[in-house]
1. Just give me the residues in region 319-336 being surrounded by fewer than 19 Cβ atoms within 10 Å (Cβ to Cβ) and either in contact with a helix residue (DSSP H, G or I) (Cβ under 8 Å, 6 or more places away or on another chain) or assigned by TED's automatic domain parsing to the domain that holds Y126 (or both), in sequence order.
2. Can S189 be described as under 20 Å from the mean Cα position of the chain (by Cα), surrounded by fewer than 19 Cβ atoms within 10 Å (Cβ to Cβ) and at pLDDT below 95?
3. Quick check on my filter: what residues within region 93-111 are within 17 Å of R62 (Cβ to Cβ) and hydrophobic (A, V, I, L, M, F, W, C)?
4. Across region 215-261, which residue is modelled with the lowest pLDDT among those that are assigned to a loop (DSSP other than H, G, I, E, B) and in contact with a Pro (Cβ under 8 Å, 6 or more places away or on another chain)?
5. Would you check if T206 is of a type in the set (V, I, T), outside the structural domain of L438 (by TED's automatic domain parsing), more than 30 Å from L363 (Cβ to Cβ) and part of a strand (DSSP E or B)?
6. Name the single residue, out of those in region 36-73 being among the aromatic types (F, W, Y) and farther than 13 Å from K121 by Cβ, that is nearest to the chain's Cα centre (by Cα).
7. Hey, among L143, L178, which residue is at pLDDT below 95 and hydrophobic (A, V, I, L, M, F, W, C)?
8. Restricting to region 273-311, name every residue that is aliphatic (A, V, I, L, M), more than 21 Å from R389 (Cα to Cα) and surrounded by fewer than 24 Cβ atoms within 10 Å (Cβ to Cβ).
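The values are calculated or read from the model by the stated rules, or taken from the named source; none is laboratory data. All figures in this text were calculated on a predicted structure; none of them were measured in a lab. Here the Cβ positions follow ideal geometry from the backbone for every residue, glycine too, while neighbour counts run over all protein chains shown.
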Amino acid sequence: MSLPTRNNPYTFNEFLQWRKNVDYYGDDPFLRKALKHFTGRDWESVDAEARKISPKVSFRWRDMAEAAAVPEKRPFLMQYDGQHNRIDRIVRPRETETMEKEIFSEGLFSPSSSPWVKLMKMYLIYQNGEACIACPITCTEGLVAILDKFADTPETQRILRHCRAGIDGDFAIGAQYLSEIQGGSDVPSNVLEAAQEGGVWKLYGTKFFCSATHADYAAVTAKPAGSDKVALFVMPSWLPGDREQERRNGYTIDRFKWKLGTSELTTAEITLNGAVAYPLGPLDRGVANVVGIVLTYSRLTVGLSSAATMTRAAREAVRYASFREAFGMKIDRFPMMVGQLRAMERSAKRTTAGAFSLYRDFLDMGGELKGGLGADEPAGVREKRFNVRELIMLQKITASRDCTDLVHEAMSVFGGHGVMEDFSSLPRLYRDSAVNELWEGPRNVLLTQIHRDCQRAASWYRPSSFVAGILKGADGRLIAEMGKEMDELVAHPSLVQPGEGSIAVCARWDDFCHRLFHAYQDRALEEAERDPI
């Protein structure tokens with residue numbers, strides 16, 4: 001019975017104190033178990049490094065991310081100084097700049113750091129949301145990978161060293177400027193021009209979605225003058241000696257985007273008017289190298305960051321439900337809530353296990369996906385590389401949508417407090433996850449690409465064989481049923497062919513791909529759960 005009192009003694013302190021003291025790694029037995037299983041021989045070093053970095057991520061960087069997320073601290077652009085010199089200075093919160101420096105000083109991309117240690121650190125960091133950190137990390141990772149393959153001049157080798165090992169204690173940050181106003185994900189439609197002038201490549205034109213605009217270097221796609229082929233370049237934001245004078249390298253930042261989420265991240269429109277850049281790889285292979293290397297890492301990150309966000313959201317929802325009481329009992333005792341919480345926990349775990357399993361397979365392929373379908377490789381290797389290529393796209397579309405759904409569900413557990421930005425980080429994580437669904441290829445583009453890939457490979461790798469390959473170890477009846485369904489769907493001539501028949505197949509294909517990747521995640525989760533910690 002509740003009687004009136006003018007001094008309501010209710011407090012959220014018990015839950016808030018728990019949340020304040022959660023160690024993302026130390027307090028997550030499933031994460032430790034899954035990492036132990038998938039990292040294999042690297043486990044001891046991964047575990048040791050995780051225990052060192054987790055307190056920084058869970059407390060110091062978490063608090064910085066929260067402090068920088070308030071609207072009054074959003075980045076802004078100062079285009080001119082007091083003497084009317086064009087400077088395009090990006091003003092960001094002190095917390096963001098401090099956190100960024102500390103995180104990049106971890107040497108995530110150093111040759112001495114194993115891929116699994118890097119992945120584990122990224123997973124923990126991503127539990128704090130975008131925070132103007134997640135995008136710069138993955139952009140730098142992709143830039144390092146492409147430079148590692150193609151850096152062959154003093155300039156590009158120095159950029160690689162700056163990103164990987166740092167120079168005089170300063171670790172460089174990378175960005176990706178790929179999208180143009182007419183194309184978006186349609187990179188071959190780019191029209192940015194690259195011209196050789198006095199033996200130096202210079203870029204002319206506009207880019208429309210340029211995230212991490214504060215970065216030191218950017219991977220930029222452009223077409224050499226007179227060519228319809230896309231090339232890939234690395235462009236410094238400043239030429240030597242110009243950063244201190246705030247003179248940018250032949251380009252202007254025209255405006256910042258006003259986005260639904262990732263608001264702490266500077267995403268801009270830029271105009272290039274003779275920006276000096278250095279080619280990476282053959283000038284006619286830019287699209288293949290962007291997709292096979294640069295976007296591969298970005299899409300892997302979308303899956304990993306989705307898993308990290310889901311883990312945090314589910315953890316906080318479960319704990320809050322055990323704290324909050326309504327109608328005379330804890331809300332985690334209501335059957336409807338019990339089912340919702342169990343579903344959230346399972347979804348977060350299977351997304352994490354699936355991300356780790358896919359990363360293990362990616363590393364087995366040498367950490368690179370070739371452009372095209374690997375026709376020059378032995379059949380077994382070719383099939384494995386095809387599996388990883390398609391799984392990366394399947395994970396991107398599935399995990400990002402699941403993440404948005406789960407965070408939305410988690411917010412509902414908190415009732416009205418679920419949308420209060422000064423009570424919970426969930427609204428920010430929700431907006432970030434919605435943006436993640438669109439970056440690096442929206443759902444329809446990737447669904448169409450997967451269907452096209454499967455058709456092109458069908459002569460040497462039947463769709464049902466692909467299903468059997470990625471679901472190896474799962475229930476045999478499930479593999480047979482899904483294999484049969486995929487054979488039928490891939491037999492449809494084209495998803496871009498107009499007509500009611502194609503519309504119906506597209507709807508079935510969308511649903512099928514979501515279920516297929518869930519089956520892959522379920523298999524990975526079962527594999528991880530079988531391994532005792």
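1. So in region 319-336, the residues surrounded by fewer than 19 Cβ atoms within 10 Å (Cβ to Cβ) come out as 319, 322-330, 333-336.
Within region 319-336, R319, S322, F323, R324, E325, K330 qualify.
2. Details: under 20 Å from the mean Cα position of the chain (by Cα): no; surrounded by fewer than 19 Cβ atoms within 10 Å (Cβ to Cβ): yes; at pLDDT below 95: yes.
In short, no.
3. M99, I103
4. Applying the first criterion (assigned to a loop (DSSP other than H, G, I, E, B)) to region 215-261 yields 215-216, 225-230, 237-250, 257-261.
Narrowing further to those that are in contact with a Pro (Cβ under 8 Å, 6 or more places away or on another chain): 215-216, 230, 249.
Numbers: A215: 98, D216: 98, V230: 95, N249: 98.
Applying the filter and picking the extreme gives V230.
5. On the way: of a type in the set (V, I, T): yes; outside the structural domain of L438 (by TED's automatic domain parsing): yes; more than 30 Å from L363 (Cβ to Cβ): yes; part of a strand (DSSP E or B): yes.
Judged against the criteria, T206 is a match.
6. Initially, region 36-73 is screened for residues among the aromatic types (F, W, Y), giving 38, 43, 59, 61.
Filter again for farther than 13 Å from K121 by Cβ, leaving 38, 43, 59.
Numbers: F38: 20, W43: 23, F59: 22 Å.
Within region 36-73, the match that is nearest to the chain's Cα centre (by Cα) is F38.
7. Values: L143 fails: at pLDDT below 95.
It is L178.
8. Restricting attention to region 273-311, the residues satisfying the condition of being aliphatic (A, V, I, L, M) are 275-277, 280, 283, 287-288, 290-291, 293-295, 300, 302, 304, 307-308, 310.
Add one more test, that the residue is more than 21 Å from R389 (Cα to Cα), and what stays is 275-277, 280, 283, 308, 310.
Hits for region 273-311 are V276, L283.
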